[in-house]
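The block underneath contains the structure these notes are about, expressed in structure tokens.
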């Protein structure tokens with residue numbers, strides 16, 4: 001892998017995270033999950049191969065700018081998904097509590 005390939009992968013990740021933002025804005029969780037998996041594949045490639053490629057000067061600056069875009073997208077995705085996940089967690093806890101109450105008291109109720 002050379003520096004051009006490294007930057008190319010970072011650009012692909014940035015493109016994917018931009019699409020992830022769009023999916024999150026549309027509450028398209030299935031698409032978001034698919035894109036997240038694709039993103040993880042590219043990140044795994046970078047983790048495996050990038051350390052052997054020295055980046056200097058303009059290429060390093062380019063990488064930093066791309067990473068900043070990725071991080072900004074990540075913040076936006078989290079700002080959309082975290083409240084949704086909190087609500088989902090509350091619903092799950094509420095359902096679990098309801099189920100426990102029904103098990104504890106519902107069975108003892110006779111018509």
Between helix 29-49 and the chain, what is the angle of the helix's C-alpha long axis to the longest principal axis, kept within 0 to 90° and rounded to the nearest 10?
40
Go ahead and run the numbers for FRET between residue 4 and residue 76, Cβ-Cβ distance against an R0 of 25 Å, rounding to 0.05.
0.30
Can you give the Rg to Rh ratio of the chain, both from alpha-carbon atoms, with Rh computed by the Kirkwood formula?
1.29
Quick one: helix 3-25 against the long Cα principal axis of the chain, what's the angle to the nearest 10°, folded into 0 to 90?
30
Compute the relative contact order of segment 3-106 as a whole-number percentage, counting only Cα pairs closer than 8 Å that sit 6 or more residues apart in sequence.
38
Compute the angle between helix 57-101 and the longest alpha-carbon principal axis of the chain, please, reported from 0 to 90 degrees and rounded to the nearest 10.
10
Gain in span if fully extended, residue 34 to residue 86, counting 0.36 nm per residue against the direct Cα distance
16.6 nm
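Run the numbers for residue 41 and residue 59: contour at 0.36 nm per residue of separation, minus the present Cα-Cα distance, in nm.
Fully extending the segment from residue 41 to residue 59 adds 4.2 nm.
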Considering only 97, 45, 56, give the residue with the highest GNM mean-square fluctuation for the chain, with springs between Cα atoms whenever their separation is below 10 Å.
97
Choose one answer from 67, 92, 77: the residue with the largest mean-square fluctuation in a GNM of the chain with alpha-carbon springs under 10 Å.
92
Pick from 44, 24, 72 the residue whose mean-square fluctuation is largest in a GNM of the chain, springs joining Cα atoms under 10 Å.
44
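No lab work stands behind these numbers, since they all come straight from the coordinates. None of these values were measured; they are calculated from a predicted model. Backbone-built Cβ (ideal geometry, glycine too); neighbour counts: all protein chains shown.
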